[in-house]
Amino acid sequence: MPSLTHSLPRFILVMLIVAMVTVVASPRPEAAAIPLAVEYGVTGQEDLSTWVQTELVPTTMVSSSTETMIFLGFRPTGADLEARAEAVSDPASPFYGNHLPVAVNAERYNATDEQVQTVVDWFATRDVTVAPDATRSFVQATVSIAVLEELTGAVFGAFVSADLPTPSPAVVVSPVTAISTITPEMASSIDRVAGVTFIAYPEDSDLDVSSLDRRSLSASPASDLTTTSNPTTAWSLIAADGGTPWRTGTPIDACPEAIEALAVTDFGHPMGISPAQLRTAYGVDHLWDQGFRGRGARIAVVNYAPYLPSDLATWRSCFGLEGTPITDHVMGPLLSDPSQRLETILDLQAVVSIAPEAERIDWFGVTSSAPTMVGSLTQLLAPAFDASLTGGVAPDAITASFAVCEPEILGRDPSWEVGVSLFNQMIATGVASGIGTFVPTGDHGSTGCFPTTDYVSVSFPASSRWVTAVGGTNLTLDAQNNIVSSGVWNDARFFSPPQPIDSPFDGGGGGFSLMEPMPNWQSGIGPVDARTVPDVSHFADGLPGSFLFFEGRWSFVGGTSLASPLLAASFALQSAALAERGEPRLGFIAPLLYAMASNPDPAASGILVDVVLGNNDPHGAGVYDATPGYDMASGLGWVRQDALFDYLDRHSRDPVPPAFTG
């Protein structure tokens, strides 16, 4: 799973100004007791010094023309968006499945035309062009310090750590004192602003930013295990915890070139599981037998690096997956990093493996330029909710293989709570509109920040309460490609003799969030009052991995960023089948799955397959084991798509749900 490797020097240099500290989620600050208060996160010299646990002192003021990107959240219109999103996703609600278009929900719950115009006009008079995102959750604007001072009514200053030598190559720019107000012209339109505290460089700085580690997210790219891999010769592969680290089953759909390339590897075994094997294993073949090879399904894939269409064409030809062409949306200059290009082609190959004849497959290659992690994630996902880009219809499923361990956000972004609220508002608007967003939990097991630290942590945005968080499993297949056994994906469990815990082993992410409370639909399933992940799991094991064709070569690959698009495409097929029967699309699937687990219906027996083998602890943290029922290693387990299809087919819903008045 990739990290955002675009250049974010202002953000990265926070760590050159203040020492990185272990941070836990602090209580949310009380809103100022004044009408129409605005939340900015931590601002001002005094509060910032407390937040970073080191003294910040004034330094030379940077130019008032220095620019940064900010996100401004629209003040809700009074209706409760989250109540709407919960109601349409709760199978016990009379409003279940009563999705409205994004544009309708955006105006009804987020911002009116008048609010939008007020903000657009205010910035236009300052020569700044802005437009709301499709959900009307926010606008992003690149503005100067001079405009920020006018916007906030605050005086801005520049600060450096008292512990660093002077002059510092970079400075923190922030309002001098904490603020909670905004210019009166926009007070009725905007209630949150993220990014007014940022890092800037004096113009005479001789800092060589080319030498910095520019990874703003600390999740690793998907494993690139090819036939030229050279593992330590002392390692031997053994079956463990429900899986086998080499190809099992029968890849009858694979072309001779792929079979030959991965028949003999440095691991001493054939590697790579084929698309048909995975479809059979998880019951997707049953949907194909009913004619749903993608008919009516709409899927959006979000990345920030390009792919080679010839790679996808070779993949489709090898496995007989010709069908719907990809509709590309390239939004800005994309990254050229090989690991990120691999992620893009992996996501697309996974989607066409499940839904080659989808109604639409929209690929969004998006440039991220925001100076914070959460801002970058918001910027990346926003275009996928814009129906004007997807033929006037919203996707059934969005899959986005991004992750950042939560302590990285908590320790580096003073406006993280504001940013997360804007991100969640955007995703919740999609939920209210029948769009399910699928996000992988990361590839470092329960230690989501590895190798930076060995903290027990989870990753965002998987920890958002409005996404379906996808963890990882392994598997062993019989000759007919049925799953014989499945456990939690954990590469460390496959090697003998045992290796040091600081070895670069991968495993499915999982644990509890420091940033998000437990959502209502997850109530009662975990040991803590916080959002826990994963929700469900899917095949992610890098050993044996899935077949991959990348830049002219056959190889094999694993990761939860394989699991997420496989599962997203599978649920998109289910949504298309429901729509063809005249029923509401699935939308946000997690509440339905938790309802099935907590209130067992005999008719739903066999849909959720519990995973009770193994753990997601590749680095010796001591957590978490797979146990009967929900656990933070595999979530609810894995989903039999054939059983779910038959269940939904038998249980038709009220054809005309009552209107939701919110």
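Numbers for the structure displayed
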quantity	calculated
Segment 131-142, residues that are farther than 18 Å from Leu381 by Cβ and surrounded by 20 or more Cβ atoms within 10 Å (Cβ to Cβ)	Ala141
Extreme residue, farthest from Gly365 (Cα to Cα), among residues of segment 293-310 that are surrounded by 19 or more Cβ atoms within 10 Å (Cβ to Cβ) and aliphatic (A, V, I, L, M)	Ala297
Residue that is nearest to the chain's Cα centre (by Cα) [pool: residues in segment 311-343 that are under 19 Å from Arg293 (Cα atoms) and surrounded by fewer than 16 Cβ atoms within 10 Å (Cβ to Cβ)]	Thr327
Members of segment 308-334 that are over 30 Å from Ala370 (Cβ atoms), in a loop (DSSP other than H, G, I, E, B) and of a type in the set (A, V, I, L, M)	Leu321
Verdict on Ala141 being in contact (Cβ under 8 Å) with a residue 12 or more places away in the chain and farther than 20 Å from Ala370 by Cβ	no
Odd one out for Ser561 among (1) of a type in the set (S, T, N, Q); (2) over 19 Å from Gly448 (Cα atoms); (3) outside any loop (DSSP other than H, G, I, E, B); (4) in contact with a helix residue (DSSP H, G or I) (Cβ under 7 Å, 6 or more places away or on another chain)	(2)
Subset of segment 73-90 [part of a loop (DSSP other than H, G, I, E, B) and in contact with a Lys or Arg (Cβ under 9 Å, 6 or more places away or on another chain)]	Arg75, Thr77, Ala79
Hey, Thr50 β-branched (Val, Ile, Thr) and assigned to a loop (DSSP other than H, G, I, E, B) or not	no
Which numbered condition Thr68 misses (of (1) at pLDDT 90 or above; (2) surrounded by fewer than 18 Cβ atoms within 10 Å (Cβ to Cβ))	(2)
Residue within segment 358-375 that is in contact with a strand residue (DSSP E or B) (Cβ under 8 Å, 6 or more places away or on another chain) and farther than 27 Å from Gln425 by Cβ present	yes
Some residue of segment 256-264 being within 30 Å of Met373 (Cβ to Cβ) and either touching a Leu at 6+ places or on another chain (Cβ under 8 Å) or at pLDDT below 85 (or both)	no
Search result, residues across segment 77-91 that are acidic (Asp, Glu) and more than 19 Å from Asp191 (Cα to Cα)	Glu86, Asp90
Search result, residues across segment 49-78 that are under 27 Å from the mean Cα position of the chain (by Cα) and among the small types (Gly, Ala, Ser)	Gly73
Selection from segment 520-547 of residues that are acidic (Asp, Glu) and in contact with a Pro (Cβ under 9 Å, 6 or more places away or on another chain)	Asp529, Asp541
Verdict on Val130 being under 20 Å from Gly195 (Cβ atoms), assigned to a loop (DSSP other than H, G, I, E, B) and under 27 Å from the mean Cα position of the chain (by Cα)	yes
Qualifying residue in segment 284-297 (condition: in a strand (DSSP E or B), touching an Asp or Glu at 6+ places or on another chain (Cβ under 6 Å) and not β-branched (Val, Ile, Thr))	no
Count of residues meeting criterion [in contact with a Gly (Cβ under 7 Å, 6 or more places away or on another chain) and surrounded by 20 or more Cβ atoms within 10 Å (Cβ to Cβ)] in segment 569-599	8
Test result for Ala597, closer than 22 Å to Val533 by Cα, assigned to a helix (DSSP H, G or I) and out of contact with any Asp or Glu (no Cβ under 7 Å at 6 or more places or on another chain)	yes
3 or more residues buried (at least 24 other Cβ atoms within 10 Å of the Cβ) and touching a helix residue (DSSP H, G or I) at 6+ places or on another chain (Cβ under 7 Å): qualifying strands (runs of 3 or more DSSP E) within segment 398-511	436-440, 468-473
Residue within segment 538-552 that is under 25 Å from Pro338 (Cα atoms), in contact (Cβ under 8 Å) with a residue 24 or more places away in the chain, surrounded by fewer than 24 Cβ atoms within 10 Å (Cβ to Cβ) and of a type in the set (Gly, Ala, Ser) present	yes
Number of the exception - Ala603 against (1) part of a helix (DSSP H, G or I); (2) buried (at least 18 other Cβ atoms within 10 Å of the Cβ)	(2)
For Ala263: the one exception among (1) within 27 Å of the chain's Cα centre (by Cα); (2) without any contact (Cβ under 8 Å) to a residue 12 or more places away in the chain	(1)
Filter result for Ala432 (touching a residue at least 40 places away in the same chain (Cβ under 8 Å), not aromatic (Phe, Trp, Tyr) and not assigned by TED's automatic domain parsing to the domain that holds Gly510)	no
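Quick grid of which residues meet (1) farther than 16 Å from Arg192 by Cβ; (2) in the same structural domain as Gly195 (by TED's automatic domain parsing); (3) in a helix (DSSP H, G or I):
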site	(1), (2), (3)
Val116	no, yes, yes
Arg136	no, yes, no
Val139	no, yes, no
Thr142	yes, yes, no
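The values are calculated or read from the model by the stated rules, or taken from the named source; none is laboratory data. Remember, it's a predicted structure, so these values are computed and weren't measured experimentally. Neighbour counts run over all protein chains shown; Cβ positions are idealised from the backbone, glycine included.
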